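Presented below is the structure to which this report refers.
The values are calculated or read from the model by the stated rules, or taken from the named source; none is laboratory data. Please read these numbers as outputs of a predicted model, since none were measured by experiment. Glycine also receives a Cβ, built like all others from the backbone with ideal geometry; neighbour counts cover every protein chain displayed. Surface areas here come from the heavy atoms of the whole protein model, side chains and all, with no ligands, DNA or RNA. Shrake-Rupley method; radii C 1.70, N 1.55, O 1.52, S 1.80 Å.
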Amino acid sequence: MNALLISPAGSDIYAKMGAQLPPLGLGYIAAVSRAHGHKVKITDLGLDAYAMTQTLIDWADVVGISADTPRYPEAIAIADRIKKSGKTVVMGGYHVTFLDRETLETGVVDFVVRGEGEEIFLNLLNTLENNGDLKRVVGISYMDNGTFQRNRDAMPPHKLDEMPFPARDLLPLTDYKNRLSGIPFTNLITSRGCPFNCYFCSSSKFGGLKWRARSAKSIVNEIEHLYYTYGYRAFAFMDDNFTLSPKRIFEFADELERRGLNDIHWWCFSRVDILVRNEKMIKRMAEAGAFMVFLGLESTNEVVLDSYNKHIENKQQQQAIALLRKYGIRIHGSYIIGDVRETEEMVLQTINWAKSVNAQTSQFSILTPYPGTALFEYIKKENRFLHHNWELYDALHPVIKLDNLTPKQISKLLIKAYQKVYLSRAHILNFSSNRVNGNKMPEKPVGEKIKTVIKAIQSLIIFRRQIINDNHAATLQK
């Protein structure tokens, strides 16, 4: 069959700050489907809003659309157009996995793929091609003569080393302009599932509590492919926790050295409790090219941390920050404001703490209840939703009723957080300098440093205007 896979334009915090990454989820689905004889094309509307031509739609037998929460409204609009062209519409992703009935009741989606979709989508294609029994396709939801049908869950893929690399040849890689300290980078996924089940995150429910990891050899095989085929020297590991197994980190570092890949730089997600228990691992990460680590620091308040089910303490956060700096690894600090019982004083404490942390990059998000999370179920039970305009569920807009703060106050605090951190003298000096202990990257000329700082300030001003305009529009819609 001919399958067209569509990634709607991004509308989350990363997209609004200008970040675009290849949709690897669709890349994996395309690779697996293609390996079994189906013809596949991928269209990323985040790069080109006009790429979904009628000619492309006419070519397809089945159209698959990816839909996380903020992109769900656009995904439905795309599905409506596809459905009018008489094509079979399949939708997958986090949002529709947990709200499959709502999705199907729109009348423009024929099937919902729940969870990790490579094997499910392939089985669905095979069944449709052979007029098989849809009830035998595990992991899908659909309408059967007007009756909602949810087949049993599919087991997620476990033999990740045997899965083909994402079909990057179907994507215009050179159009993705992301850079890691001036070097073009691309993304990889090396594990799935998460055992931590944080209150505001649906990863554990989507991919399961069991951590499933690729081997170090498999990871380096993919890096080597990207290194020699596409010329990449920098990589972002998008796993929920790349460092969950210190043993794998050591094997990964050894494999990179064995193959002579000594000039790469990389970025990953980690947790502070894992880092503080494994200083030798951090040292080895630095030796193997670790450039920056994303830390979910969230809050400086222990009560808030406990409510998020993070199982970490502020003391551990401080220790992890110190260890990363000891070995010259930069920090991307992520913070959340707007817990249900959080006060303005508590938010300001977190903002001041973020300023004192002075991470190379800082990200502030408004607590957002995504479908599939324990937070979503709590907000639903307590009737705290302000609205279900899913496009505004982007961690930039207030969407729930809080005990102590109004939506307007939360919006102002979000802007204040970025202003206080990014316009502080310490951060400007930190952000503009590339000199980090142990860092292999060359020092930028003074002129380039100044340009970088100016660009950061301009981005902040644009970001502030975007928040104000979006909140005004949201108010008018209510």
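Observations
- Within the chain, antiparallel bridges make up roughly 20 percent of the DSSP beta bridges whose residues both belong there.
- Inverse mean reciprocal Cα-Cα distance (Kirkwood Rh) of segment 100-145, Å: 11.0
- Rounded FRET efficiency, nearest 0.05, which uses the C-beta distance separating K247 from D403 and R0 of 51 Å: 0.70
- Taking the Cα atoms of segment 189-279, the ratio Rg/Rh between the radius of gyration and the Kirkwood radius comes to 0.99.
- Unit charges on C-beta of K, R, D, E only; dipole of the chain, Debye: 1260
- Pairs of Lys residues in segment 281-421 that lie 8 or more places apart, or on two chains, and have C-alpha atoms under 16 angstrom apart add up to 8.
- At a probe radius of 1.4 angstrom, the accessible area of the chain per residue rounds to 44 square angstrom.
- Packing-based order for 262-269, 157-164, 365-372, using average beta carbon neighbours within 10 Å, highest first: 365-372, 262-269, 157-164
- Considering only alpha-carbon pairs that sit under 8 angstrom and 6 or more positions apart, the relative contact order computed for the chain is 12 percent.
- On a per residue basis, the convex hull of the C-alpha atoms belonging to segment 61-127 measures out at 72 Å³.
- Cα convex hull, segment 276-415: 121 Å³ per residue, rounded to a whole number.
- Value of D in µm² per second that Stokes-Einstein yields for segment 132-180, Kirkwood Rh from Cα pairs, at 25 °C (0.890 mPa s): 165
- Accessible carbon and sulfur surface of segment 31-100 relative to its total accessible area, %, 1.4 Å: 51
- Kirkwood-Stokes translational diffusion coefficient of the chain, alpha-carbon pairs, 20 °C, 1.002 mPa s, µm²/s: 91
- Per the chain, cysteines lacking a partner by the 4.7 Å Cβ criterion: C194, C268
- Using the average count of surrounding beta-carbon atoms within 10 Å as a protection proxy, the listed peptides 290-302, 186-198 rank, highest first, as 290-302, 186-198.
- Taking every alpha-carbon pair in segment 152-230 and binning the separations at 10 Å intervals from zero gives 15, 37, 34, 14, 1 percent.
- Hull volume in cubic angstrom per residue (convex hull over the Cα atoms of segment 319-368): 78
- Radius of gyration over Kirkwood radius for segment 1-148, both on Cα atoms: the Rg/Rh ratio is 0.94.
- Largest first and in whole Å, the equivalent-ellipsoid semi-axes of segment 243-297 read 20, 12, 8, each the square root of five times a Cα gyration tensor eigenvalue.
- On segment 352-397, 47 percent of the accessible area sits on carbon and sulfur atoms, based on a 1.4 Å probe.
- Applying Stokes-Einstein at 4 °C and 1.567 mPa s to the Kirkwood radius of segment 237-330, computed over alpha-carbon pairs, gives a translational diffusion coefficient of 94 µm² s⁻¹.
- Environment charge at E377 (Cβ cut-off 14 Å; Lys +1, Arg +1, Asp -1, Glu -1): +3
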